[in-house]
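Written below as structure tokens is the structure these notes are about.
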Amino acid sequence: MKVGVIVEGHGEVLAVPILLRRILQELAPTLNPSILHPHRVPRGQLVKEEGLRPAIELMARKVGDEGRILVLLDADNDLPCVLGPRLLAQAKTYRPDRDISVVIARREYEAWFLASVESLRGHRRLPETLAPPPTPEDIRDAKGWLDERMSDGYSETLDQPALTSLFNLTTARRADSFDKLFREVGRLFDLPVPPRQSSDVAPGHA
């Protein structure tokens, strides 16, 4: 089975395959799908038909009849509950013969690191005493939050893949949009996904 991934950022090109493999390792350790090199489309194009349609068509050809397609992008100032369903509906009209999922990271992908920041203490130049923000997905500039706390700043292309390989996936599910990704990966591969624990839900997101 092939999995095609469409992303918006240079960091996600390297990070998302790592993340998918880690989630699948938790859900089905024996499953070993072929995760294709992500196709990057700048966000300004990806949220429009002229950018989304050719990306979906390209990945549909690459993954074949039994393949899966995941579209992952940042919400920025958009509402994930509005942007996600809109893009998914569009994508399904382009290729109704493919299993497609759209996940929108609330604010930014990096908010998922903030949701599990306890697991990143002492790694990648982050302080050993780093405290998580109370509502990680409410922070408008998660990259900037990390940049201020890393001794020589945050590099999207270097630190995003590295932190993706390190952060605790279970704790990160306290972020609603990461929990959505976790569940969507399970759905794409017809795998059961255990519910997150109530203690893992971030304050204000119960």
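The values are calculated or read from the model by the stated rules, or taken from the named source; none is laboratory data. Note that the structure is a prediction, hence the values are computed from the model and not measured. Note that we place each Cβ from the backbone using ideal geometry, even for glycine, and neighbour counts take in every protein chain shown.
Per-residue answers, yes or no, for (1) at pLDDT 95 or above; (2) of a type in the set (D, E, K, R); (3) within 15 Å of the chain's Cα centre (by Cα):
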{"site": "15", "(1), (2), (3)": "yes, no, yes"}
{"site": "18", "(1), (2), (3)": "yes, no, yes"}
{"site": "27", "(1), (2), (3)": "yes, no, no"}
{"site": "45", "(1), (2), (3)": "yes, no, no"}
{"site": "52", "(1), (2), (3)": "yes, no, no"}
{"site": "86", "(1), (2), (3)": "yes, yes, no"}
{"site": "100", "(1), (2), (3)": "yes, no, yes"}
{"site": "123", "(1), (2), (3)": "yes, no, no"}
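Can you find a residue that is of a type outside the set (A, V, I, L, M, F, W, C), over 22 Å from residue 163 (Cα atoms) and out of contact with any helix residue (DSSP H, G or I) (no Cβ under 8 Å at 6 or more places or on another chain) anywhere in segment 11-30? Show your work before the answer.
Just the residues of segment 11-30 that are of a type outside the set (A, V, I, L, M, F, W, C), to begin with: 11-12, 17, 21-22, 25-26, 29-30.
Those still in the list that are over 22 Å from residue 163 (Cα atoms) too: 30.
Subsequent filtering for residues that are out of contact with any helix residue (DSSP H, G or I) (no Cβ under 8 Å at 6 or more places or on another chain) retains 30.
There is at least one residue in segment 11-30 that is of a type outside the set (A, V, I, L, M, F, W, C), over 22 Å from residue 163 (Cα atoms) and out of contact with any helix residue (DSSP H, G or I) (no Cβ under 8 Å at 6 or more places or on another chain).
Let's see how each residue does on (1) under 22 Å from residue 10 (Cα atoms); (2) of a type outside the set (Ser, Thr, Tyr):
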{"site": "107", "(1), (2)": "yes, yes"}
{"site": "119", "(1), (2)": "no, no"}
{"site": "127", "(1), (2)": "no, yes"}
{"site": "188", "(1), (2)": "no, yes"}
{"site": "193", "(1), (2)": "no, yes"}
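The number of residues in segment 39-55 being closer than 11 Å to residue 87 by Cα and touching a strand residue (DSSP E or B) at 6+ places or on another chain (Cβ under 7 Å) comes to 1.
Within segment 88-108, at least one residue is touching a Ser or Thr at 6+ places or on another chain (Cβ under 6 Å), crowded, with 17+ Cβ neighbours inside 10 Å, of a type outside the set (A, V, I, L, M) and closer than 22 Å to residue 20 by Cβ. In a residue-by-residue description of segment 120-134, the property of being touching a residue at least 40 places away in the same chain (Cβ under 8 Å) and hydroxyl-bearing (Ser, Thr, Tyr) applies to no position. Only residues that are farther than 22 Å from residue 144 by Cβ and touching a strand residue (DSSP E or B) at 6+ places or on another chain (Cβ under 9 Å): list them for segment 159-182, please. Selection gives 180, 181.
Any idea which of 142, 202 is surrounded by 15 or more Cβ atoms within 10 Å (Cβ to Cβ), at pLDDT below 95 and more than 13 Å from the chain's Cα centre (by Cα)? Result: 202 is the single residue among 142, 202 that is surrounded by 15 or more Cβ atoms within 10 Å (Cβ to Cβ), at pLDDT below 95 and more than 13 Å from the chain's Cα centre (by Cα).
Helices (runs of 4 or more DSSP H) fully within segment 91-188 that include at least 1 residues being within 27 Å of residue 2 (Cα to Cα): 111-115, 156-164, 169-172, 176-188. In the set (1) more than 27 Å from residue 79 (Cβ to Cβ); (2) crowded, with 18+ Cβ neighbours inside 10 Å; (3) charged (D, E, K, R), residue 118 fails one condition alone, (2).
What do you reckon, is residue 121 touching a Pro at 6+ places or on another chain (Cβ under 9 Å), over 30 Å from residue 57 (Cα atoms) and among the charged types (D, E, K, R)?
yes
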